[in-house]
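Rule-based calculations on the coordinates, nothing more; no lab input. Keep in mind the model is a prediction, meaning the values are calculated, not measured. When we count neighbours, we look across all protein chains shown, and the Cβ atoms used for this are built from the backbone with ideal geometry, even at glycine.
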Amino acid sequence: MSKKKSKTPLLKSIWHPDGITDPYQVIAEFFSAQSLYNTRKHLFRIVDTAYSYKSWKGENPEEVLYDMDKLESLFNAAWMINKERKTTPITFNRSDDLNPNLFYHDNGSYNAWDQIPRSLSYKEYQDPYRAFRTIFKRRKLDKWLHELREITRMALSKDYYAEFSASPSHFLLHHLYKLVEAAHLINIREINHVGGRIKSRIRRTVNWG
């Protein structure tokens, strides 16, 4: 099967690295608009559609453009942070593995199980900056951004993406999940405000669903 030309133009993100003054606030804004649970769910749907003969159904196609543009901003922020060779400032003990303060934001909508990382190694869970290093060792930023734009185009077209993709879907999803899960942990553990608004630290009893 030959590739059909898509008429969907390449996206150009408003979040170019040169325009980001605080990559941590990009992370904070990302998770102020959407949860880790919903992000993983939406990414699965988008990649699954792009890698199949399916056409996008359900929400307005602009939702795909919005989600992928925000993901591009997260890649740019992670790339900037990774250049600094950061490591976690938190002392981590085995007894703290399921301490909700390390991974859980209780907003009343999602339980703790929904917010546990599933694509990070144990060392990356301890130090999520390791996950950024893993991601950018695999590929440079421009390669990841090109992949995101191709996924977006193919999710919104009727073309069959898998035949000319540079990555298998499981490889791609694993690294996209790794990115958002690492950013989620940094957001929970280290970022205290969103656009100058102090984040709530009130925690209720942990709900495991």
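With 28 Å as the limit, write out which pairs from K137/K158; K70/K143; K41/K158 have Cα-Cα distances beyond it, or answer none.
Pairs exceeding 28 Å: K137/K158.
Please list, in chain and number order, the residues 5+ apart from V194 or on another chain whose amide H is under 5 Å from its amide H, with Hs placed from the backbone.
Hits under the 5 Å cutoff: K199.
Let me know the shape class of segment 33-147, please: from the alpha-carbon gyration tensor, a ≥ b ≥ c as square roots of the eigenvalues, rounded when a/c is under 1.5, otherwise prolate if a/b is greater than b/c, or oblate.
oblate
7 Å from Cα along Cα→Cβ at both K158 and D22: what's the point-to-point distance in nm?
So the label points at K158 and D22 sit 4.8 nm apart.
Tell me the net charge near R118. Cut-off is 9 Å between Cβ atoms, R118 excluded, with +1 for each Lys or Arg and -1 for each Asp or Glu.
Value of the local net charge: 0.
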